[in-house]
Amino acid sequence: MTKKIAVLSGDGIGPEIIGEALRLLHAVAEKHALQIETEEALVGGIAYDETGHPLPPETLALCKASDAVLLGAVGGPKWDNVQPASLRPEVGALLPLRKELGLFANLRPVTLFPALADASSLKNELIKDGLDILVVRELTGGIYFGQPKERTSERAVDTCVYTRPEIERIARVGFEAAQKRGKRLCSVDKANVLETSRLWREVVMKIALDYPDVELSHLLVDNCAMQLVKNPSQFDVIVTENMFGDILSDEAAMLTGSLGMLPSASLGATSGTGAKTAFGLYEPIHGSAPDIAGKGVANPLATFLSVALLLRYSLDAEAAAQTIEAAVGKVLESGLRTGDIASPGQRTVGSREMSDAVLQAL
Ligand code: NAD
């Protein structure tokens, strides 16, 4: 059956990296005999300019009618002062997309390719065995969404709320991801202080009974933040709530030292149910990089690795996903570098040359 992929390039370097990613996607689909169909739609600042809204109804309808969404990046200085603020690209497009598509699980693989070990800010001995962590962050609950939210000139209130079903479903995503990897899950909370964390821990321990092959551990969030820089290779999969995940996933990402290398997946309703595929939105974690937009120098690899996640989680095409990951590794081993991942004095290539090399390595 043909799988439909909605493609939203967005702003800044978005169209450049998505253009390269589509060449890759079609080449991999052909190689692995996958039937896919892609359809592009407007999102972000460009959508605002053309339609008056950063997430036009047709774009949302296309996403809902698709099996997966591939997103570039949105935003840029041109739209920083759009009024009302709810129409700014990040607020008016990204948050509603997550909400409307029910994307409750954010998966951020943090992989350090051995060829890029020097880009990490950590001492070489800490990462000599490589780094391969998956951070699973709850995306639609917790303190970012809890009500009431109130503010007077002297007092402000944010409310952190989690319900049992919300914790159960994200815990299952974490356990299922661990089953497919190193079979170790670390649940991160602040159970010594927060009621929501105490419920979180209780529920995670109960769900663990369904996954006896996965070794579960618990860490307080402050300790986890320390352990990530002290001994990152101890982690396999980390599952945590929204705000802790927001902070820890950025901390973990920076262990690799290269923003242009990191993909992400945000998964919806069928994830964590044992189903083979889940609806998902896939995007690089970096932004629209307005400072280099239009120059043809953006690193397309984070988007390529996002395509690999799309194939893995939404198309059940593990072999195709691994083909991309292996090709990216091979090209890095060969010494090819875009500017953002090059060492001083190293020759650099543009997006097209990097992308040609990956296609060649397939
Ligand atoms: P950014 O990630 O766009 O850029 C940070 C730095 O990293 C810049 O110097 C940029 O040139 C570089 N960089 C980023 N991606 C790169 C790539 N693929 N190749 C080479 N270099 C790369 O973050 P920013 O500058 O803080 O934000 C720029 C805009 O992007 C803002 O409007 C911001 O709101 C938006 N943004 C969007 C998303 C998203 O769409 N999901 C995420 C983050 C930021």
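Averaging 1/r over each pair of different alpha-carbon atoms in segment 61-154 and inverting the result gives 17.3 Å, the Kirkwood hydrodynamic radius. Potential lengthening of the chain between Asp356 and Glu125 amounts to 79.8 nm, from the contour at 0.36 nm per residue minus the alpha-carbon distance.
Among DSSP bridges having both ends in segment 121-255, what percentage is antiparallel? Round to the nearest 5. Intermediate results must be reported in sequence, preceding the final value.
On the way: 3 of 17 bridges.
Approximately 20 percent, going by the DSSP bridge assignments.
Alpha-carbon geometry of the chain: the Rg and the Dmax are 20.0, 62 Å, given in that order. Rounded to the nearest Å, what's the spacing between the alpha carbon centres of segment 272-342 and segment 153-188? Just the number, please. Result: 25 Å between the Cα centres.
Where Rh is the Kirkwood radius over the Cα pairs of segment 121-255, the temperature 25 °C and the viscosity 0.890 mPa s, what D in µm²/s does Stokes-Einstein return? Stokes-Einstein gives a translational diffusion coefficient of 158 µm²/s.
Given the C-alpha atoms of segment 46-202, compute the convex hull and give its volume per residue in Å³.
Details: hull volume 33.7 nm³, N = 157.
It is 215 Å³ per residue.
For the listed residue pairs Lys123/Lys295; Lys180/Lys206; Lys64/Lys149; Lys128/Lys230; Lys4/Lys206; Lys99/Lys230, the alpha carbons are over 25 angstrom apart in Lys123/Lys295; Lys64/Lys149; Lys4/Lys206; Lys99/Lys230. In whole percents, the pair-distance distribution calculated for segment 169-238 from its alpha-carbon pairs, binned every 10 Å from zero, is 21, 51, 27, 1. Highest mean packing first, where packing is the average number of other Cβ atoms within 10 Å per residue, the peptides 102-110, 75-83, 342-350, 7-15 line up as 7-15, 102-110, 75-83, 342-350. Taking the average, over residues, of other Cβ atoms within 10 Å as the packing measure, peptides 292-302, 216-226 rank 292-302, 216-226 from highest down.
The helix-only estimate of mean residue ellipticity at 222 nm for the chain, built from DSSP H runs of length n ≥ 4 each weighted as -39500 (n - 2.57), is -11500 deg cm²/dmol after division by the residue total. Taking label positions 7 Å along the Cα-Cβ direction at both Arg164 and Met1, the computed distance is 3.3 nm, reported to one decimal.
Where the alpha-carbon atoms of segment 101-172 are placed on the principal axes, they occupy 50, 35, 21 Å, in descending order.
Just for the chain, what percent of DSSP beta bridges are antiparallel, to the closest 5? Spell out each step's value before the answer.
Details: 19 of 46 bridges.
Around 40 percent of the beta bridges assigned by DSSP in the chain are antiparallel ones.
Shape descriptor for segment 234-288: Rg over Rh equals 0.99 (Cα atoms; Rh from the Kirkwood inverse mean 1/r).
Ranked highest first by the average count of other Cβ atoms within 10 Å around their residues, in what order do 159-168, 231-240, 353-362 fall? Walk me through the numbers on the way to the answer.
Working: 159-168: 15.8, 231-240: 21.3, 353-362: 17.7.
Ranking the peptides 159-168, 231-240, 353-362 by packing returns 231-240, 353-362, 159-168.
State, as an integer percentage, the relative contact order of segment 280-362 based on alpha-carbon contacts under 8 Å between residues 6 or more apart.
Relative contact order comes out at 32 percent.
The numbers here are math on the coordinates, done by the rules we state, and not lab data. A quick note: this is a predicted structure, and the numbers were derived from the prediction, not measured. In this analysis, Cβ positions are derived from the backbone assuming ideal geometry, glycine residues included, and neighbour counts consider all displayed protein chains.
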